Amino acid sequence: MVEHVPTACARVDALRSHGYPKEALRLTVAIINTLRLQQQRQLEIYKHQKKELLQRGTTTITNLEGWVGHPLDPIGCLFLTLTEACRLNDEGYLEVSDMNESRAPVYQHVPVAAGCPDSSESYLSLAMEVALMGMGQQRVMPEGLYAQDKVCRNEEQLLSRLQELQLDDELVQTLQKQCILLLEGGPFSGLGEVIHRESVPMHTFAKYLFSALLPHDPDLSYKLALRAMRLPVLENSTSAGDTSHPHHMVSVVPSRYPRWFTLGHLESQQCELASTMLTAAKGEHRKT
C-alpha cells in the first residue's frame, strides 16, 4: 500500500460508516503494516545520517503534513476502527460501540485474523501502536490560529482515548517498544535527538507516556520525558541563511519567533510535564 496515508484512512472511515467493518479492519491492518515498514526504513536512513546530524545540531522537517490535527483525522480513524472491534457490552460480548455513551468503554484483546506478521498481536495493541506512531511524528507547526488549535485539541482527544485502555502486559510491551523507536527515530520522530526548530512540541504526549511507563520502566520514562522538555522555537534563533522552513521567504513577523498562537498553551504543558516529573521523583535522589 503506497497511498497517501490520510486518504487511505478516509477509505477506512467510509467502509466503517457504510457497514463494512471487516473490510475496514483489513485495510487498517494493511495501513499499519505500511507505517511499520516506513518506520524501519526511516531508522535505517537515520543510522547513516546520525553522525552528521548530531554534529550540525539541526535538521529539516520531513513531514510538512502532520497526521495529528489533519482535517481527515487519520490516526483517530484507525484507532476507533481497531478499538470498536475489541469493545465489550455489559454482558461481556463484543459490540459495535455507541460513541454517544457516557460510560467508560471496556475492551478485550481480539487477535488479528490475518495480514499481520505477528499472529499473536491483537487489534487493541495495534490501536495503541498507531496512536503512538501518529502523535510521535515530527511535523511542522501549521500556520494559523485555527490549525494550531486543532493540533492541540486532536492530540488531547487521542490521549483521552488512550487513557481509556487498561494497560496489561501486552499493551505495556507495545508502549515500551514504540517509545524506544521514537527515541531512536532521529528527524522522523518528535522525540528524536535532533528536531527542527519549528516542529510541534511533544510535552502533552510525553506527559502521558511518562505516567503510563513509570510503574513499568522508570528509566525509560524519565529518559523520554527529559528528551521532550525542549522547546526549540524559544531557543537561539537559527542563522539568517536557514531555508529549511518552507515559508521562510514569506514571513511577516519581524521578531525571531514564528507566529505560534498556541505558544502560551505549549509553555504551560511544558511546565506540567516538568511538575509531573518532579512530583514523581520526590524521594528518589538519583532522579533529582
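The values are calculated or read from the model by the stated rules, or taken from the named source; none is laboratory data. The structure presented is a predicted model; accordingly, all values stated were derived computationally and were not measured. Note: ideal-geometry Cβ built from the backbone for every residue, glycine included; neighbour counts use all protein chains shown.
Could you check Arg153 against (1) of a type outside the set (Val, Ile, Thr); (2) at pLDDT 95 or above; (3) surrounded by 21 or more Cβ atoms within 10 Å (Cβ to Cβ) and say which number it fails?
It is condition (3) that Arg153 fails.
Only one of His245, His265 is modelled with pLDDT under 75 and surrounded by 14 or more Cβ atoms within 10 Å (Cβ to Cβ); which?
His245
Could you tell me which numbered condition Pro232 fails, if it satisfies all but one of (1) more than 18 Å from Glu272 (Cα to Cα); (2) out of contact with any helix residue (DSSP H, G or I) (no Cβ under 9 Å at 6 or more places or on another chain)?
The number of the failed condition is (1).
When the residues of segment 123-159 are filtered to those that are in contact with a helix residue (DSSP H, G or I) (Cβ under 9 Å, 6 or more places away or on another chain) and among the hydroxyl-bearing types (Ser, Thr, Tyr), which remaining residue is farthest from Pro201 (Cα to Cα)?
Tyr123
So in segment 178-207, with the set limited to residues that are touching an Asp or Glu at 6+ places or on another chain (Cβ under 8 Å) and in a loop (DSSP other than H, G, I, E, B), which one is nearest to His265 (Cα to Cα)?
The selected residue is Arg197.
Listed here are the residues, each with its yes/no results for (1) aliphatic (A, V, I, L, M); (2) in contact with a Phe, Trp or Tyr (Cβ under 8 Å, 6 or more places away or on another chain); (3) at pLDDT 95 or above; (4) surrounded by fewer than 22 Cβ atoms within 10 Å (Cβ to Cβ).
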| residue | (1), (2), (3), (4) |
| --- | --- |
| Tyr123 | no, no, yes, no |
| Leu126 | yes, no, yes, no |
| Ala131 | yes, yes, yes, no |
| Pro142 | no, no, no, yes |
| Ile180 | yes, no, yes, yes |
| Gly190 | no, yes, no, no |
| Ala206 | yes, no, yes, no |
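Of the conditions (1) under 22 Å from Ser125 (Cα atoms); (2) assigned to a helix (DSSP H, G or I); (3) not aromatic (Phe, Trp, Tyr), Val68 fails just one. Which one is it?
(2)
Among the residues of segment 208-220, is any modelled with pLDDT of 60 or more, surrounded by 16 or more Cβ atoms within 10 Å (Cβ to Cβ) and part of a loop (DSSP other than H, G, I, E, B)?
Within segment 208-220, one or more residues are modelled with pLDDT of 60 or more, surrounded by 16 or more Cβ atoms within 10 Å (Cβ to Cβ) and part of a loop (DSSP other than H, G, I, E, B).
Checking His48 against (1) in contact (Cβ under 8 Å) with a residue 24 or more places away in the chain; (2) over 23 Å from Gln157 (Cβ atoms); (3) out of contact with any Asp or Glu (no Cβ under 8 Å at 6 or more places or on another chain); (4) not in a loop (DSSP other than H, G, I, E, B), only one condition comes out false. Which one?
The number of the failed condition is (1).
Limited to segment 49-86, what total is found for residues that are touching a helix residue (DSSP H, G or I) at 6+ places or on another chain (Cβ under 6 Å) and acidic (Asp, Glu)?
Of the residues in that region, 0 qualify.
When you check Gln166 against the structure, is it under 26 Å from Asn33 (Cβ atoms) and free of Cβ contacts under 8 Å to residues at least 60 places away in the same chain, yes or no?
Criteria met by Gln166.
Over 20 Å from His216 (Cα atoms), outside any helix (DSSP H, G or I) and more than 16 Å from the chain's Cα centre (by Cα) - does that describe any residue in segment 144-166?
yes
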